[in-house]
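Comments concern the structure below.
The values are calculated or read from the model by the stated rules, or taken from the named source; none is laboratory data. No experiment lies behind these values; they were computed from the predicted model shown. All Cβ positions, even for glycine, are placed from backbone atoms using ideal geometry, and neighbour counts span all protein chains on display.
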Amino acid sequence: MLPEAAAWLIIGLPLLAGLICIGALRPWRRGLWPLAGYVGVAGTAGAFALSLAAVNGAMGQGDAGYEPHRWFAVGGRDGFAMTVGVLLDPLSAIMAAVVSGVSAVVQVFSLGYMKKESDAENGAWSDYPRYFAYMSLFTAAMLGLVLAYNLIQLFVFWELVGLFSYLLIGFWHHRPAAAAAAKKAFIVTRIGDFGFLLGILYLFLHRGEFAALGLNPFEIPAILEAAPMLGAGVATWAALGLFAGAAGKSAQFPLHTWLPDAMEGPTPVSSLIHAATMVAAGVFLVARLFGLFEQSAAAMDTVALIGGFTAVFAAAMGLAANDIKRVLAFSTVSQLGYMFLALGVGAPGVAMFHLFNHAFFKCLLFLSAGSVHHSVHTFDMRYMGGVRKWMPATYLAALVGGLSLAGIFPLSGFWSKDEILGAAWGGESAAAPVVFWLALAAAFMTAFYVFRLILMTFHGEFRGGVDAVPYEERIPDEAHHHVHRRESPLVMTLPMILLAVFAIGSGFAANSLVALGPIPAHWFSHFLHEDAPDFSIGVAGASTAVALAGAALAALAYGTRTISFDRFGAPWRFGGRLLAQRFYLDALYEDLIVRRVLHRGLFLASDWFDRRIVDGVADLAGWFGRNGGRAAAQLQTGQVQVYGAAVSMGAAVILIFYLLQR
Amino acid sequence: MGITGRDIFLIAPELALAALAAAVVLLDLAPAFRRNERLGQAAAIGGLIVPVAFGAALWVDVHANGAQYGFNGALVVDKFALYVKFLVAAAAGLTLLASGGYARRFRPYQAEFAGLLLFSASGLMLLAAAADLITIYVALELATLPVVAMAAFAKTRAESLEAGVKYLLLSAASSAFLLYGFAFLYGASGTMQVVAPEGGGPTIAQALAQSGGGAPFGGFAVMAAAILAVAGFGFKLSIVPFHMWTPDVYEGAPTPVGAFLATASKAAAFAVVLRVFMEAFGGASADWGGLFAALAAVTMTLGNLVAIAQRNVKRLLGYSAVAHAGYLLIGVAAASQGGALGASSVLFYLGAYAAMTLAAFFAAMTLAERVGGERIEDLAGAGRRFPFPALVLAVALIGLTGIPPTAGFMGKLFLFNAAVNAGLVWLAVVGAVNSAVSAYYYVGVIRTMHLRDAPDVPPSPDADAAPRTPLAAKTALGVTALAVVALGFWPGGLLAAARAAAESLLR
């Protein structure tokens, strides 16, 4: 069992590293800037080591049982106390290990990636310490979220990861697209966070029920303990509020629009924050409070249906995208949909298992994309092709990640996706049959876009990279870059190889059907105190067949080119446009809601009201204040006899007032 | 019934402080102290440990045995008195710490300045522990007369002399009101005892309860006594319409005097008002509660409105002191409803207000020396040129506005909460509106410092020649600013002490 101070250090070490980078290294001499990378890696690696110790300590038992600390109290002795603490149970331990582990690997990759970017940007390292500071602080905030004992504490860290996500998407803030994407991510997730906050306040409104049980309505263990006594109505509204926050953070329909744009950040950021960790925070939140969701069939079905729909909907948009990072972003949205689907059919352990596997293989795919970009300096797959010839390691890494994502036996994605399908097949809720078929459809599309991505990027003839991109379409900073036909340096390929090992093995090793040497069967499920999922050969066969069909279709269209979709004519072109425009949802949000309803309607009306009415009143008050003050200042003559008179008159007035009163 | 050793122990903090004051003046004759004036400053500040230690010993004693009476009932030592004594000692110590550099212009009389300040502080301490009307008056004069000399200390400057004369004349006038009121009170009740030990004769409140009521306050003599006492104390509290000396003296007197008047002097004055009205006039609390509520509304509104028109930083702080006297009166009015809530909110706010006002005065003092002027527009660009004092001033002004997370926010929260609990919702609303109005001029200063550029004219040569801010002054700046923020996050400790102190007023 980990001592409590060590548990706090899991958050503290990356925090310290981040503060060193931004507080000590950045303002100092340039010679120290390259140190920032090592400081960041060291802090995160320390957190990872402690997280592994925590996983080890949590094995075979539940909550580590640290008492929360009193932060402040309101309303005297029998009032309400706010607490802070570390909630270290198997769920948070495994999540902390994934977050810190992936973060450490990505920061190692960044040592190479950001060096190059920084050199090219300014001929200096000025962005370098800032980058590692943000990454370390993000990691600290994410670990704080994972280990939070109460919902307010969790919400604070939830907003902090949002802040660092904003800062990192807009890392190259001089690019208008990056600045706009950062803003969009911040605002769209904020809509969900509003629901989250309402959910918290709704629980607080019911503090009477909690107080009757002697519990605190903000503490997560207390909520789980009280959930069965709350009644389905209370549980539904609280759970739906929390789910709104989760859907915003995890980019679920209809709040998914920010994630593809978030790819404007540096690629390692996309891989850590917008694929492996932060976007999974929503899944984690629902899993964390699963006991509350379980009490409401309506909330569970909502989660399942939103997840299932998003899985298909986002995968469809991934079919037609040409930007490699956008394809991966749509894929992330779709895979997060899978996880919510699993939660919604009552299998939190399965959802966490998919989160665990997805963190590795999606991170790997993003790092591969970054590695390719390192060579060809574009993310547009139409200008790639044949890259495997000079990037064999990157190609293998991408292939492993892709096969895993597509759910091909025996890679990790196969196992967790199969568990999800099995859970949906065996689910008893009303939504379960619907979402099973949605998940199967998404599996087909996933295999298709994955193989399309691999074929367009690595196979065929090289189509020129950045040099072939029309000049006006290039990102300004990359206008002067050229293609370098060489493999990325070892500091970048090594992390990819490490992740590839996990992408291959984490599926059957962590939750295998039979005992594998020291690892017992279904270790992961039992670790989370869940029942082992059923393995159905029928479901596994169906999902494999569907995935192979998707892969085959992609191979025919983009590999051998035996079929061409253009033959379908107008309907095909219409479908392509629909997908390329992301079902016109972004346009709907921006043009109709933001521009017409909010800007021209509500904001203009508010503006008029503010100018005429509010400012008018304020101006009047201000006028009165200035001139009234001036009048009173006139009395202040500086003559001491006037002052004395004022004292006497004042006393006299009060006396007369009371004399008249009787 | 002579003086016993126990009596000496009970008055030990005041005695030690007076002895320290004398010692500081005498030590200045030694050659070493002549050569290095910092030694005198260090002795004055370090010596404060003795009265504080006696105070701590008394707190332990009082905590165990309850309120103690000395000098045949002339002196009462309870947690209320001790809380105020600690506050006075802290304000005096910090003022000495911050004003070492400023006092250099009084050379070779800087030790006398420190001595006067300590004498006045001993009077303020005694005021908090005074149990009868005579002791109150004596303590008040002991606290006031050194301030007259301190206000006029920069004797080559006409404004300083003017401030001294004004303070002398008006304090004499207000003393006359106070004595007149005390005479009425003695006439009506036949006793001087505001509070008394068990079996120590009747107190004023007990004596008044015997005589029948009728007019407001339960009799014309008592009514006259109460109103004359309000007028007399009103001078010290700077409440409208007895406030008019405040901006003149704050502006004209040396800056440390303003800081001392606004914090230590105001704290002791509020303490004696709470004690006299809650104890002696306890039977007429509905009447004086209404009076103080009305005075609170008038005082904070007028103080804030006139502050808007000010151009001089010290004068602005003077009107700010008037406005804050109004906020504090909210708590006094709430205290009329019984219970410890009103008095404890006043005591907490006195501590919070001391931290904010000391920080503001110290920062204004440092900045005035740096930029070479005391007008608000002289501070333009100070945020960039002198970031540390400008930051401290910003923190202090944010606190005075009452914006979280600062001591001022917490203090106002407790005051308004006390008002609402006492059924004075309208007064809490007036207070909140006034806080919003006050943001106008407080934030204006911050904006001038941090958002406006320094004037193009080159800074006056003596600004550059000004001696560097001493470390002691920087420490005082840092400590007070830190206290403003710390009390915003962790008000618990001071609030618990204030509540314990307020509870000792209820008996």
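Name the one entry in A:L635, A:L655 that is modelled with pLDDT of 75 or more, within 9 Å of chain B (Cβ to nearest Cβ) and out of contact with any Leu (no Cβ under 6 Å at 6 or more places or on another chain). Quick ask: steps written out before the conclusion?
Numbers: A:L635 fails: modelled with pLDDT of 75 or more.
Answer to the selection: A:L655.
Checking the stretch A:162-180 against the condition returns a match, with at least one residue being assigned to a helix (DSSP H, G or I), touching a residue at least 60 places away in the same chain (Cβ under 8 Å), under 18 Å from A:L151 (Cα atoms) and in contact with a Ser or Thr (Cβ under 6 Å, 6 or more places away or on another chain). Here B:L328, B:L317 are screened, and the one residue that is within 21 Å of B:L350 (Cβ to Cβ), part of a helix (DSSP H, G or I) and in contact with a Lys or Arg (Cβ under 9 Å, 6 or more places away or on another chain) is B:L328. Among the candidates B:A21, B:A32, B:A16, B:A43, the residue that is buried (at least 17 other Cβ atoms within 10 Å of the Cβ) and without any contact (Cβ under 8 Å) to a residue 24 or more places away in the chain is uniquely B:A43.
Within the stretch B:47-58, is there a residue that is assigned to a helix (DSSP H, G or I), loosely packed, with under 13 Cβ neighbours inside 10 Å and not hydroxyl-bearing (S, T, Y)? No.
For the stretch B:160-170, what are the residues that are surrounded by fewer than 22 Cβ atoms within 10 Å (Cβ to Cβ) and either facing another protein chain (nearest Cβ under 10 Å) or within 18 Å of B:L228 (Cα to Cα) (or both)? B:E162, B:V165, B:L168, B:L169 - these are the residues of the stretch B:160-170 that are surrounded by fewer than 22 Cβ atoms within 10 Å (Cβ to Cβ) and either facing another protein chain (nearest Cβ under 10 Å) or within 18 Å of B:L228 (Cα to Cα) (or both). Residues in the stretch A:104-161 that are at pLDDT below 85 and aliphatic (A, V, I, L, M) were compared, and the one that is surrounded by the most Cβ atoms within 10 Å (Cβ to Cβ) is A:M114. For the structure I just gave you, tell me whether B:F235 is within 11 Å of chain A (Cβ to nearest Cβ), crowded, with 24+ Cβ neighbours inside 10 Å, of a type in the set (A, V, I, L, M, F, W, C) and more than 22 Å from the chain's Cα centre (by Cα). Spelling it out, it is not the case that B:F235 is within 11 Å of chain A (Cβ to nearest Cβ), crowded, with 24+ Cβ neighbours inside 10 Å, of a type in the set (A, V, I, L, M, F, W, C) and more than 22 Å from the chain's Cα centre (by Cα).
For the condition of a type in the set (A, V, I, L, M, F, W, C) and either within 14 Å of another protein chain (Cβ to nearest Cβ) or in contact with a Leu (Cβ under 8 Å, 6 or more places away or on another chain) (or both), what is the one hit in B:F270, B:F277?
B:F270
Go through (1) surrounded by 24 or more Cβ atoms within 10 Å (Cβ to Cβ); (2) more than 10 Å from chain A (Cβ to nearest Cβ) one by one and return the number of the condition B:R311 breaks. Going through the list (1) surrounded by 24 or more Cβ atoms within 10 Å (Cβ to Cβ); (2) more than 10 Å from chain A (Cβ to nearest Cβ), B:R311 breaks only (1). Considering B:A64, B:A81, B:A44, B:A89, the condition of being in contact with a strand residue (DSSP E or B) (Cβ under 9 Å, 6 or more places away or on another chain) and assigned to a helix (DSSP H, G or I) is satisfied by B:A81 alone. Between B:A229, B:A268, B:A225, the distinction of being within 14 Å of the chain's Cα centre (by Cα), at pLDDT 90 or above and either closer than 22 Å to A:A651 by Cβ or crowded, with 24+ Cβ neighbours inside 10 Å (or both) belongs to B:A268 only. Has the stretch B:216-236 got at least one residue that is more than 23 Å from B:V332 (Cα to Cα), touching a helix residue (DSSP H, G or I) at 6+ places or on another chain (Cβ under 6 Å) and part of a helix (DSSP H, G or I)? Within the stretch B:216-236 (the criterion being more than 23 Å from B:V332 (Cα to Cα), touching a helix residue (DSSP H, G or I) at 6+ places or on another chain (Cβ under 6 Å) and part of a helix (DSSP H, G or I)), the answer is no, since none of the residues qualifies.
Listed by position, the helices (runs of 4 or more DSSP H) contained in the stretch A:230-318 that have at least 3 residues being under 15 Å from A:G195 (Cα atoms) are A:232-249, A:281-288.
Of the candidates A:V333, A:V234, A:V327, A:V286, the single residue that is of a type in the set (V, I, T), farther than 27 Å from A:R175 by Cα and crowded, with 24+ Cβ neighbours inside 10 Å is A:V286.
Looking only at residues of the stretch B:180-217 that are surrounded by 15 or more Cβ atoms within 10 Å (Cβ to Cβ) and within 14 Å of another protein chain (Cβ to nearest Cβ), we find that the one that is farthest from B:A130 (Cα to Cα) is B:A215. Of everything in the stretch B:471-507 that is farther than 19 Å from B:V60 by Cβ and within 14 Å of chain A (Cβ to nearest Cβ), the residue that is surrounded by the most Cβ atoms within 10 Å (Cβ to Cβ) is B:L487. The residues listed here are B:A163, B:A188, B:A172; of these, the one that is at negative phi, without any contact (Cβ under 8 Å) to a residue 24 or more places away in the chain and of a type in the set (G, A, S) is B:A172.
Only one of the listed residues (A:G538, A:G550) is loosely packed, with under 11 Cβ neighbours inside 10 Å, modelled with pLDDT of 75 or more and either on the phi > 0 side of the Ramachandran plot or in contact with a Phe, Trp or Tyr (Cβ under 9 Å, 6 or more places away or on another chain) (or both). That residue is A:G538. Against the conditions (1) modelled with pLDDT of 90 or more; (2) closer than 21 Å to B:K474 by Cα, B:A432 satisfies every one except (2). Test A:R175 against the stated conditions and say whether it is more than 21 Å from A:P221 (Cβ to Cβ) and either buried (at least 20 other Cβ atoms within 10 Å of the Cβ) or at pLDDT below 85 (or both). For A:R175, the condition - more than 21 Å from A:P221 (Cβ to Cβ) and either buried (at least 20 other Cβ atoms within 10 Å of the Cβ) or at pLDDT below 85 (or both) - is met.
The residue list A:Y558, A:Y643 contains one member that is at pLDDT 75 or above and within 14 Å of chain B (Cβ to nearest Cβ), which is A:Y643. Does B:F242 satisfy being in a helix (DSSP H, G or I) and of a type in the set (F, W, Y)? Criteria not met by B:F242.
With respect to the conditions (1) more than 25 Å from B:A368 (Cα to Cα); (2) out of contact with any Ser or Thr (no Cβ under 7 Å at 6 or more places or on another chain), B:V313 falls short on a single one, namely (1). Yes or no: B:G289 on the phi > 0 side of the Ramachandran plot, at pLDDT below 95 and within 14 Å of chain A (Cβ to nearest Cβ)? No; evaluated as a whole, the condition is false for this residue. Within the stretch A:388-416, restricting attention to residues that are under 17 Å from A:A315 (Cβ atoms) and in contact with a Leu (Cβ under 6 Å, 6 or more places away or on another chain), which residue is surrounded by the fewest Cβ atoms within 10 Å (Cβ to Cβ)? The residue in question is A:L403.
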